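The values are calculated or read from the model by the stated rules, or taken from the named source; none is laboratory data. For clarity, every value in this text was computed on a predicted model and none was experimentally measured. Only protein heavy atoms, including side chains, enter the accessible area calculation; ligands, DNA and RNA are left aside. Shrake-Rupley method; radii C 1.70, N 1.55, O 1.52, S 1.80 Å.
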Amino acid sequence: MLFIQVTGQAEGRVMAALAEAKYARESVLTADRGTIVDRNGELIASDTLSYRLVAVLSESASKGAKKPHHVQDFEKTAEVLSNYIPMEKEEILSRLKSFKEADRWQVEFGKAGRDINHESALKLRDEKLPGILLIEDKKRFYPNGIFASYLVGFTTREEQKDGIVSTVGRMGLEAIYNDELTGQDGKVEFESDGWGVILSKSEKAIVPAKDGYDIQLTIDKTIQNFVEEAMTRVEKEYSPKKMLVIVANPKTGEILAVSQRPSFHPGTREGLTDNWLNEALETTIEPGSTLKMFTVAAAVEEKKWDSNAWYQSGQYKAPGATIRDVNRTGWGTITYLEGFQRSSNVSMAYLLERMGHGTFIDYIGRFGFGEKTGINLPNEASGKILDTRPIERITTAYGQGSTVTPIQMVQAASAIANNGVMMKPYVIDKIIDPNTGKVIQQEKPEAHGTPISAETAKMVRELLASTVTSEKGTARRFALNGYSVGGKTGTAEIPKPNGGGYLSGTGNYLYSFLGMAPADDPQLITYAIVQQPKLNYGQSGSESVSKLFNPIMESSLKYLNIVPDGEGAVDTAVIEDYTSKDSDDVMAKLQKDGFNPILIGEGGKIISQYPSGNTKLTVGSLILLKTDGMTTLPDFTGWSKKMIRSFKHLSGLELRLNGDGFVTSQSVSKGALLDFHEPVVIQLQVPSELYSPKEENTEAESIVGG
């Protein structure tokens, strides 16, 4: 004892170190992986509580205890567990026995024993199985199911070299921003007795966890849901090989929605194929006639376009090949305007003669084709513009031969929609450190050149609108109720997988529509693509595309409170700034002007309003006026989700929104006087049909050569 006291050693080992090893303990403070939210802060991906199943097998765990702390009845345990985890009873039983024979302390159940939700965990605990432990864990939660899956991506739980199991991004934003989303675990260091009980006089050292960065997208959850629902309907009706939709704000370049099919559920990976590419930017296509809008824009800018000039349609003799219109014989001698409306390939060939091949290729570069857009996502393809032979430049003029990415098409169209200024697309709005609230990265709208003038852009929009309104237009079925549309259809030939020409036969085309609305001042661009739909006799491919474009565009415009125009236009007026004015006077004036004012509070001086002053609104629109006092609940029926959010923000009431689209019901009736703590459940639904079927007009493209 004297030797130990003097030297601090016994049998050559330092006793202090042994004591530290025996009694020192460390508990991990797990960091949350960063959340991914939409532009309004609505959840897209986050960590949620889950449980991991462990079965203790060693009898030593029950030593000295009144109740057993290890598995005693293997048969019963296996039978009960098979009701809670995706593993057969025999497999569970075999695992328990083999680990017991190997004298293992405990056993886990791999993937089947992880990600157990809270409800199942509570039920399993009620079974009171000896030796069965449920350890708290983290699981990545994707509440929206199939929702921009190829953009968001998914994560997996993987064991690292140090033995710690952590969440790792394996696709999409989850993988691209894995380092930013991954937090740093903290720890608590303390001393305990041999049974793990913290000693009363021990000091605890705490290193707090640092949660991962949060990512806010430009995606709007409501518009994204419009897209997903339309794609689900078209997929069910036409069973196409592929589909893609992009919705963008042409004024800023913000991507408001993007999705493709086939798609998958990021939480379960159900539906995931061997294709892991975000086809909006990582794959290229021959776009077909949608590219003609840029050929015409170049001709207009160069003053080589004449709507009333005549040309002979049908066919055009080019060096080494003959370009033909869709019906091969053409429509006789027609104007260039009619040729554009009919989507004539021959008219594009003659336009190149007028402006010069070199000039045309220069404009193709100005519109960003052949180069990456620079969108804040990796692995972007650049496409390839064929420019070696005259025939290649001619086929490029009507969208065959050369390749582009869908995101390039949207960027280029923004120049036409945005008075000549082309906007760089982006999907990440900002990245935030939730531990400090500091914005780590903030994206802003960025111009990518001015390929055409404002005057040219305006004229091209008028030409694009005529393809929808003209009796000879190929895009008549893309007309919307109350909104004018400008756009261009496309029916591109698809190269054979092994080379050597193009596919042939009914439906073996890539059908598309690149459109903007309202046509005179576009607020949205939507690019919809359907590849190889299964068509019945008499159906056209553009029919399937219109069933994507029309409900998506019309629902989105209404959701954004965009004032209608065109034949269905209604009266509009600009509202004032009503803050500091008396609510009774303002309510009376707004009602007299034909608006629908909604009072938030008990009345008196107006504190704030929505929409803000100097906003142009359709007569009959809702206007929210905030005053002090308790709020009387209005009838929300027919309100958009955006307006409900604004009401919630101004009133401070606990409104819980289920669904998307427009309000169909509410849990508390109109006229109720509410305090801030009483919840109101608002049910919203997207109308299945927001548009009337338009007269069918088919389009197909010519084949280069014979």
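Over all directions, the projected convex hull of the C-alpha atoms in segment 417-565 averages 13.5 nm² in area. Relative to one another, the C-alpha centroids of segment 615-634 and segment 281-325 are positioned 50 Å apart.
Taking all protein chains into account, the per residue accessible area for the chain stands at 46 Å² (1.4 Å probe).
The apolar share of the surface of the chain, taken as the fraction of accessible area on carbon and sulfur atoms (1.4 Å probe, ligands and nucleic acids excluded), comes to 49 percent. Sorted from longest to shortest, the spans of the Cα atoms of the chain along the three principal axes equal 113, 73, 52 Å.
Across segment 289-298, rounded Karplus estimates of 3J(HN,Hα) from the backbone phi angles (6.51 cos²θ - 1.76 cosθ + 1.60, θ = phi - 60°) give 5, 4, 6, 4, 5, 7, 4, 5, 4, 5 Hz, Gly and Pro being marked x.
For the chain, the longest principal axis of the C-alpha atoms and the axis of helix 221-238 are separated by about 70°.
Extension gain for residue 65-residue 678 works out to 215.9 nm (0.36 nm per residue, less the C-alpha to C-alpha distance).
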